[in-house]
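For reference, the structure is listed below as structure tokens.
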Amino acid sequence: MASDEDDPIIHEVDVHLAKSLAEKLYLFQYPVRPATMKYDDVTHLSARIKPKQQKVELEMAIDTVSPNYCRSKGEQIALNVDGTCTDDSGSTYATKLMDKQIFSSIQSAVNTSRYAAAIYRKGELHITPLHGILQLRPSFSYLDKADAKHREREAANEAGDSSQDEAEDDVKQITVRFSRPESEQARQRRIQSYEFLQKKQAEEPWYHLHYCGVKDSRSEHERQYLFSQLAGMLETTELTKSPSEYLSMLMPLVEEEESKVPLAPSNVLSMAQLRTLPLADQVRTLMKNVKVVQFANLMGLLGSGVDSTAVLRCIQQVAMLVQGCWVVKSDVLYPKDSCSPHSGVAAEVLCRGRDFVMWKFTQDLWVIRKEVAAVIKLPPEDVKDFLEQMAVPRINKGWEFLLPPDAEFAKKHPDVVQRQYMLWMGIQAKLEKVYNLSKEDVMPKKPTSQAALPVVVSGERRVAVAKGRAQDNQTILENNYQRRKSSHVAGTQAPGGTPLPIKIKEEPLSEEEPMDTTSGLGSEAANGVHSDESSRDSADLPVESRGARSEVVAAELKKFVQGTLRKHYVLSLSELKRLFNLHLASLPPGHILFSGISDRMLQETLLDCGCKQILVPFPPQTTASADEQKVFALWEAGDSFDQHRQILLEIFSKNYRVRRNVIQSKLGQDFGESLSKPDVDKVLKDCCASHGGMWYLKGTLPS
């Protein structure tokens, strides 16, 4: 009573039930209206319907003069569909332009008894029950016509290329088969099959409709039927029910709703209907449809809140464990007293053959179809059906198991794996007796054969290994550089400050071979004409001149590296060597850089110019060479984006590839609202390259 006092009734509205259009009123749900669609242009719209299926097709005009319409695409689609024929009678697009779009309907709700259309007038609410709710979706049947045209053209070309000189066709042997009489059970299965229902639906004729606009006089006349014809009468029989009867009319029982569900193919079941079944029936139905599934995916299909232990009990009754995945049992697919839909073979024989295929996949991920057929001796259609249920064909390899091995399940449930192994050992013993398998065909398996799956290496482990390898290389490189620098300073000066009479050896500072700087040069440079002259000159120079020459070489090399870093903030050693070879090709003969530059000298010059080596964690399966994996970046360029680039480089020291939103989020945390989109674009352009929606550091992009 207190709640009624807090919420008083302020107005009452009379409700009237209009039944004039109760069996004819449909609700159409249109997609989001594109800017190019003429929804109000009734002169360019046609419609047709299949009443039994409640299927509607609407043909709507497209505004081809709209600025949102791409005329070249429209012409290309029309050309693909209709070809170059000039006959407009059989063409889909008479204007040689895609100027219309077909919308096809599907049923939005199975039971529409709870839905009605309402209209309010003069303080009265008139409601009319809906006969159907249809969703209109774009139909792309014109693409099928384009494919058919393409196949016709290919067939015509092949026919034209074939030889016409043969007087008669070769004599070929044919096999004649007589179909056996169809039993009543087989006939019932055929009638309930999906293909038969599809054929019956396609046979229903279309009825063309006349479309009337909103302001048309016919529409105004039909709209009057939305008002109850008994609105002026004092008593109506529809709304003089008792409260309990009225509630039962508004909320019918679930059994009544289920009884009105139309007949569907046996293999079609919505997820809403599935979850009304007991758990065991849910698992059985799902396994009959998917055939092969991993346990984690099965739990996802069953929804949240389902006990995994109960699911494990149920699935072991209808499926067997193969490579850590669950495959539906043969007797579930082929129950007793049934037969093959292809050859009529009895279910018992089919189950035996399919068990052999499943058992083969417990031994290996690959199966050869000929080997299986030679053992089970079933028609090829049945053998192919077995394999298609649990494997995919690979060219020149055989049939590969459909899903990757589920090592996670085997690790979590070793007791289930052991129990399934024992079941497979029993099935194997039966198969040995039935098919007379030799010991070579049946190798003894350990109980852990199911769990012997490929080792999975985590991403963190890969990053740690790559970082350790790169850090070792970095440490060695820096130590050698410091040792060379200190020995050079100490060796060229005596304690008193006078130069020591030490002869400098003209060869690379490490045991590495000098870098190949001859690729892309002419024959003279490739044969060492310039380098020979330089080496002869340097050999005749005194010690002081040769030391000065080394300093000139280092200065020239540093000048080249600094110029390169002004254009490339990030580059690999391989890319630097390529740019250096191009630089050498542009130099005049006898230039001092032709004396020979090693990889070590290039790396030391990079470090001397302010670069740092970025320890990019390349994936283990990378095809990048050692030089491509050595990535250097200019740490400070002296502009306002130095900190941006440093944060970006730190990200790539932990990740081989990164999405843009991750980079933008990290930069946003450090710079806040001062970060703009052009700033992010500038930093990415300086240091990164994009491929397949991911960003890579320059020089590390996979080939």
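The values are calculated or read from the model by the stated rules, or taken from the named source; none is laboratory data. Worth saying up front: this structure is predicted, and the values here are computed from it rather than measured. No Cβ is skipped: glycine too gets one built from the backbone with ideal geometry, and neighbour counts run over all protein chains shown. SASA here: full protein model, heavy atoms, side chains in, ligands and nucleic acids out. Shrake-Rupley method; radii C 1.70, N 1.55, O 1.52, S 1.80 Å.
Find the residue count for the range 595-636, including only residues that are on the phi > 0 side of the Ramachandran plot and at pLDDT below 85. Matching residues across the range 595-636 total 1. Please specify each residue of the range 664-687 satisfying the condition of being touching a strand residue (DSSP E or B) at 6+ places or on another chain (Cβ under 8 Å) and free of Cβ contacts under 8 Å to residues at least 60 places away in the same chain. Passing the criteria: only 684.
Which residue pairs have Cβ atoms closer than 6 Å, lie 6 or more positions apart in sequence or on different chains, and pair a first residue in the range 565-577 that is among the β-branched types (Val, Ile, Thr) with a second residue that is assigned to a helix (DSSP H, G or I)? Listed pairs, sorted by first residue: 570/687.
When the range 466-491 is filtered for residues that are open to solvent by less than 60 Å² (accessible area, probe 1.4 Å) and either modelled with pLDDT of 70 or more or under 44 Å from the mean Cα position of the chain (by Cα) (or both), the ones remaining, listed by number, are 466, 468, 470, 474, 477, 480, 481. Looking across the range 554-576, the residues that are touching a helix residue (DSSP H, G or I) at 6+ places or on another chain (Cβ under 7 Å), of a type outside the set (S, T, N, Q) and closer than 18 Å to residue 697 by Cα come down to 569, 570, 573, 576.
Looking across the range 193-206, the residues that are open to solvent by less than 60 Å² (accessible area, probe 1.4 Å), touching a residue at least 40 places away in the same chain (Cβ under 8 Å) and of a type outside the set (Ser, Thr, Tyr) come down to 197, 204. Check whether at least one residue in the range 168-175 is acidic (Asp, Glu) and either modelled with pLDDT of 80 or more or open to solvent by less than 100 Å² (accessible area, probe 1.4 Å) (or both), and report yes or no. No.
In the condition set (1) modelled with pLDDT of 60 or more; (2) within 30 Å of residue 46 (Cβ to Cβ), residue 262 is compliant with all but (1). Within the range 334-384, the only residue that satisfies the criterion of being among the basic types (Lys, Arg), surrounded by 16 or more Cβ atoms within 10 Å (Cβ to Cβ) and more than 22 Å from residue 403 (Cβ to Cβ) is 352. Of all residues in the range 679-702, those satisfying the criterion of being within 19 Å of the chain's Cα centre (by Cα) and surrounded by fewer than 19 Cβ atoms within 10 Å (Cβ to Cβ) are 690, 691, 692, 693, 694.
Working only within the range 211-224, note down all residues that are open to solvent by 80 Å² or more (accessible area, probe 1.4 Å) and either modelled with pLDDT of 80 or more or over 28 Å from residue 52 (Cα atoms) (or both). Listed by number, the residues that qualify are 215, 217, 218, 220, 221, 224. For the range 653-661, the count of residues that are more than 14 Å from residue 614 (Cα to Cα), free of Cβ contacts under 8 Å to residues at least 12 places away in the same chain and open to solvent by less than 40 Å² (accessible area, probe 1.4 Å) is zero.
In the condition set (1) of a type in the set (Ser, Thr, Tyr); (2) buried (at least 17 other Cβ atoms within 10 Å of the Cβ); (3) not in a strand (DSSP E or B), residue 113 is compliant with all but (2). Kindly indicate whether residue 606 is more than 15 Å from residue 574 (Cβ to Cβ) and either over 24 Å from the mean Cα position of the chain (by Cα) or not in a loop (DSSP other than H, G, I, E, B) (or both). No, not satisfied.
Pairs meeting the criteria (first residue in the range 1-30 and assigned to a loop (DSSP other than H, G, I, E, B), second residue loosely packed, with under 14 Cβ neighbours inside 10 Å and modelled with pLDDT under 80, beta carbons under 7 Å, at least 6 apart or on different chains) are 20/229.
Just one of the listed residues (628, 636) is touching a residue at least 40 places away in the same chain (Cβ under 8 Å) and in contact with a helix residue (DSSP H, G or I) (Cβ under 7 Å, 6 or more places away or on another chain), and it is 628.
Any residue in the range 97-122 that is farther than 26 Å from residue 12 by Cβ and modelled with pLDDT under 85 sitting within a Cβ distance under 7 Å of a residue that is open to solvent by 70 Å² or more (accessible area, probe 1.4 Å) and of a type in the set (Asp, Glu)? List the pairs, counting only those 6 or more apart or interchain. Filtered contacts from the range 97-122: 97/75. Criterion first (in a helix (DSSP H, G or I), open to solvent by 30 Å² or more (accessible area, probe 1.4 Å), more than 21 Å from residue 425 (Cα to Cα) and modelled with pLDDT of 90 or more) does residue 408 satisfy it? Yes: the conditions hold for residue 408. Restricting the range 184-229 to residues that are in a helix (DSSP H, G or I) and touching a helix residue (DSSP H, G or I) at 6+ places or on another chain (Cβ under 8 Å), which is farthest from residue 340 (Cα to Cα)? Within the range 184-229, the match that is farthest from residue 340 (Cα to Cα) is 196. Does any residue in the range 207-224 that is within 16 Å of residue 26 (Cα to Cα) and of a type outside the set (Asp, Glu) come within less than 9 Å, Cβ to Cβ, of a residue that is open to solvent by 100 Å² or more (accessible area, probe 1.4 Å) and part of a helix (DSSP H, G or I) six or more places away or on a different chain, and which pairs are these? Within 9 Å, the pairs are 210/218; 212/218.
Before we move on, is residue 622 open to solvent by less than 40 Å² (accessible area, probe 1.4 Å) and either in contact (Cβ under 8 Å) with a residue 24 or more places away in the chain or hydroxyl-bearing (Ser, Thr, Tyr) (or both)?
The answer is no for residue 622.
Listed here are the helices (runs of 4 or more DSSP H) enclosed by the range 610-703 that have at least 2 residues being closer than 25 Å to residue 468 by Cα: 626-629, 642-652, 660-671. For the range 124-142, a tally of residues being free of Cβ contacts under 8 Å to residues at least 60 places away in the same chain and either outside any helix (DSSP H, G or I) or more than 18 Å from residue 31 (Cβ to Cβ) (or both) returns 1. Does residue 330 satisfy the condition of being under 24 Å from residue 413 (Cα atoms) and small (Gly, Ala, Ser)? Yes; evaluated as a whole, the condition is true for this residue.
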